[in-house]
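The structure under discussion appears below in the form of structure tokens.
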Amino acid sequence: MIKSLRNQLVVALGLLVSVIGIVQGVSSYQLSKTGISALLDLRLEQVAARMRDGFAEGIPQNPARGSQDDRDIVVVVWKAGEDTPFRTTDPALHFSPDASPGFSNAMFNDEDWRIFTRKEPTMTIQVAQRSSVRRALAEASATKTLWPIAVLLPLMWIAVGLVVQRSLRPLKRLGNEVQAIDTAHLKPLPAAGVPAEIAPFIHSINTMIERLARSIESERNFIADAAHELRTPLTALQLQADNLAPHISPGNQERFRELRRGIARSGSLITQLLRMARADAPMNSEAMVRVDMATVVRDAIADVLPIAFQRGLDVGAEEMVGSHVRAVEADIGIAVMNLLSNAVRYTPDGGTVDVRMRRDHDKVRIEIIDTGPGIAEELLPRVFDRFFRANADIEGSGLGLSIVKAIAIRYHGEVTLRNRDDGRSGIVASIGFPVDERADLSPRENTAATA
Ligand SMILES: Nc1ncnc2c1ncn2[C@@H]1O[C@H](COP(=O)(O)OP(=O)(O)OP(=O)(O)O)[C@@H](O)[C@H]1O
Ligand SMILES: [Mg+2]
């Protein structure tokens, strides 16, 4: 079971409040019962005192049997030396005049009675009441004292729940902030307004984020510097090769071409490494502009057209919506270009590459669909890994898709690659970026560009 601080607090505080409530309820019940008993005793005593003042004569000499209500007080007055009562409100009851003065309990006619006996020089006065009636009166009144607790207890549980939830809100907010951290969006957690107990955690997490940012930064700088440093000797190599070209004997032409291909491969690897480093760099929001996606797509298509033409590939665009995103234009261009050049590179001669652009909720989505061999399903999850290549026969550095992924994450977009599901072989590469809503809230009329 997942331990939840919130549940633990609610249960502990709720139980505590309940125990206090129950103890309070039981004690007020008992106190109220004893209080009512004392009051009823006092009443017996007072009635006895009035009888002494001559009120006894007011009691009828022969009251009808059973004329008294069960709840009434029974009064019996004895004259000194006589063994039948001088007056009694209930002739069926025969208390004993020899009872000791004060309060006592006795059984009469199978009923328990509470009796107060008062001895005067000339008479004995006994005032009595059924214990069951007294108990019922005391219990009825004591039960009423339980109502407030009965109503308050559930309310207390609700209050405890709300208070705990409110107190833990900063934690929940922090949890969300921590969840949003990724290498592309590293920023310290806000320390303002958090409870003092949590502040040390935030401090530690922020120190860790800082260290992480520094190490990512130095790794990125290393890649960028290394690529940059490699570029100069490679350019020199390229120049040397160009100068050598006229002097290569016909027998060595093929080996020389291989050498130049190697130089070109190294050149594009360096370009991709630099792009990779740039895509991972912290974002410079000042360089961001409103990028017209249709233009980006058209430019990318124009770039691949010469090779496509050479290889007899049909590259076409359809379903184009006018949409803008807020970004550094080169980033979006590189992302789209990498996907499109993959489609062109991995589709055999004479194939087709379709580019579509549509609105998908708050995103503008570009889909590039080719008629190439596709990618084995088990390799698909790895295509975004750095230096991963699924097809060793065709040249590539294996960095293109990881650059695309880094750019997508950077702009809160997303990129996916899947095999076509329409029965044909080929890849559907899809990339979506959040639309810059300020100007185009609705899709504009579709424009079409076909190559
Ligand atoms: N449209 C596609 N059809 C078939 N395979 C593809 C397609 N796109 C990518 N792949 C496979 O995924 C691998 C990774 O692609 P990625 O773009 O990252 O690297 P690359 O194309 O080899 O090199 P780079 O793009 O850096 O020049 C490729 O090597 C290729 O095997
Ligand atoms: Mg590629």
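Side notes on the structure shown:
- Only helices reaching 24 angstrom along their own axis (Cα) with mean Kyte-Doolittle hydropathy no lower than 1.0 count here, and for the DSSP H runs of the chain these are 147-167, 293-310.
- FRET efficiency for Arg52 and Gln30, using Cβ-Cβ distance with R0 set to 35 Å, rounded to 0.05: 0.55
- The simple spin-label model puts a point 7 Å past each Cα toward its Cβ; for Asp242 and Phe387 those points are separated by 3.1 nm.
- Segment 1-142 - Debye-derived log10 I(q)/I(0), Cα point model, q = 0.11, 0.14, 0.16, 0.18 Å⁻¹: -0.51, -0.70, -0.85, -1.01
- Note on Ile22/Ala159: beta-carbon distance plugged into 1/(1 + (r/R0)^6) with R0 of 22 Å gives a FRET efficiency of 0.80.
- Global form of segment 271-418, assessed from the alpha-carbon gyration tensor, a/c cut-off 1.5: oblate
- Extended-chain gain in nm, criterion 0.36 nm per residue less alpha-carbon gap, Ile181 and Leu5: 61.0 nm
- Calculated [222 nm] ellipticity per residue, helices only, for the chain: -17000 deg cm²/dmol; basis is -39500 (n - 2.57) per DSSP H run with n ≥ 4, divided by all residues, nearest 500.
- Three-way shape label, the chain, alpha-carbon gyration tensor, a/c 1.5: prolate
- Its Cα centre serving as origin, the chain has a Cβ charge dipole (Lys and Arg +1, Asp and Glu -1) of approximately 700 debye.
- Assigned charges on the beta-carbon of Lys, Arg, Asp, Glu; segment 199-278 dipole about Cα centre (debye): 200 debye
- Cα gyration tensor category, rounded, prolate or oblate, for segment 317-357 with a/c compared to 1.5: oblate
- Per principal axis, descending, Cα span of segment 223-285 in whole Å: 54, 17, 16
- Distance from segment 329-351 to segment 7-24 (C-alpha centre basis), Å: 65 Å
- Given Lys363/Lys405; Lys3/Lys187; Lys3/Lys172, the pairs whose alpha carbons are separated by over 24 Å: Lys3/Lys187
- The packing ranking, built from the mean of other Cβ atoms within 10 Å per residue, places the peptides 314-320, 16-22 in the order 314-320, 16-22, highest first.
- Burial ranking of peptide ranges 171-179, 112-120 (average Cβ count within 10 Å, highest at the top): 112-120, 171-179
- When Glu111, Glu377 are compared by accessible surface with a 1.4 Å probe, the order from highest to lowest is Glu377, Glu111.
- Overall Cα dimensions of segment 207-361, principal axis frame, Å, largest first: 61, 49, 22
The values are calculated or read from the model by the stated rules, or taken from the named source; none is laboratory data. Source: prediction; values computed, not measured. When we count neighbours, we look across all protein chains shown, and the Cβ atoms used for this are built from the backbone with ideal geometry, even at glycine. In case anyone asks, the SASA skips ligands and DNA or RNA and just uses the protein heavy atoms, side chains included. Shrake-Rupley method; radii C 1.70, N 1.55, O 1.52, S 1.80 Å.
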